[in-house]
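Structure, as structure tokens:
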Amino acid sequence: MIGPEASELNLDTAQVRGKKGERRLVKGCPCYKEFTGLEKEKICLNNDDVLPINAISVDPSFFEQIKSVSDLNEYKSDNESMCYLLIYLDRKEGFCYCVSRGQRININEKDVRTSEIDAALQFITSTEKSRDGVVCSDCLYKYLKTLGEASSGFLTDSEREKIIISYVREVSMRMAAELSNYVVESTSDEAIEEHVKKYVKRINGSRSQWAALTSKLKQTNADKTLLELVEHYSSIYRLESIFLSQVLDLKTTSSEMDALGALKFMVNISEKVIQLSDMIREKTNDLIERNIMSNELQERLKKHSEKRKNTEYRFSNLVKVLSEINAHTTQ
């Protein structure tokens, strides 16, 4: 597992303060590290140092008056070992700062940019669950070391590729568990895989039902848009089945190149699912406005509509994550 916990696919105001695209404060820090031995040790890795600290979780709303780097001086701690677990994103110069010490965040002798944290948040909040509202610090650090500018000179291309592939496999398996409505009875990959296989079998078994519905509508000279709507639903389930089958195959891929090829393939599938979902939304609205769909058919498609919305949401988040990884494997 690449992180300590499973996935939630969104950020809330407990983790980030500021308007979308203009977030200024992030609850969590890539330089924060915990070691568990006889006692839990907490350290700060900023500036590639190892500084023992006392960490406290402070609500970002307490620091909402911070509008610029100069404001940090008013809020930084007098105690050098005190950590607020909070970073400030300076949109003007484009760098990140430790709120408790008023210093730039620096990893592997490189100042961390706000754009890297933005990308990391997009990735991590789609793959890792936060603890007590704090963005997974280990995950932020791992991301920056693997995909950010800080990885330059730290990892060889081969090492980075292997880590990226482990991300792809992990993220995809979690997505598969969510799509198949896996109820956590066991966190083992084997248990999830077995559940996903059964789910794929059910999806494939439903094809005849969609084909029968399409045939029935054609016999009644149904509206062309209605026929297309049903075909789009059928296609989404088919793509979902293909995607899940690809995820299951990832475990047995024989080389890194096979896994990276699968990554590009899954990005394409995810994008097609999103496009189909958009078309379903448009056609459904059109049919309702024209009062073409019978109440019986509306009820029949209702449960599929809810599932389609959930599927679209998950694939939208997934395509952001996979595209981010893909961008760093094709540079």
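Things worth noting here:
- Some residue of the stretch 208-222 being touching a residue at least 12 places away in the same chain (Cβ under 8 Å) and charged (D, E, K, R): no
Every residue, every condition in (1) farther than 24 Å from PHE265 by Cβ; (2) surrounded by fewer than 20 Cβ atoms within 10 Å (Cβ to Cβ); (3) modelled with pLDDT of 70 or more, yes or no:
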residue	(1), (2), (3)
THR114	yes, no, yes
ILE124	no, no, no
LEU140	yes, no, yes
ARG160	no, yes, no
SER172	no, no, yes
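- Looking across the stretch 77-103 at every residue that is surrounded by fewer than 17 Cβ atoms within 10 Å (Cβ to Cβ) and of a type in the set (Lys, Arg), the one that is farthest from ASP138 (Cα to Cα) is identified as LYS92.
- Verdict on GLU193 being over 16 Å from the mean Cα position of the chain (by Cα), modelled with pLDDT under 75 and surrounded by 14 or more Cβ atoms within 10 Å (Cβ to Cβ): no
- Flag for SER151 being small (Gly, Ala, Ser), modelled with pLDDT under 75 and assigned by TED's automatic domain parsing to the domain that holds GLU306: no
- Scan of the stretch 20-71 for residues that are at pLDDT 80 or above, among the small types (Gly, Ala, Ser) and in a loop (DSSP other than H, G, I, E, B), ordered by number: GLY28, SER68
- Residue within the stretch 267-284 that is at pLDDT 75 or above, under 23 Å from the mean Cα position of the chain (by Cα), under 13 Å from VAL168 (Cα atoms) and surrounded by 13 or more Cβ atoms within 10 Å (Cβ to Cβ) present: yes
The values are calculated or read from the model by the stated rules, or taken from the named source; none is laboratory data. This is a predicted model, so every value here is computed, not measured. In this analysis, Cβ positions are derived from the backbone assuming ideal geometry, glycine residues included, and neighbour counts consider all displayed protein chains.
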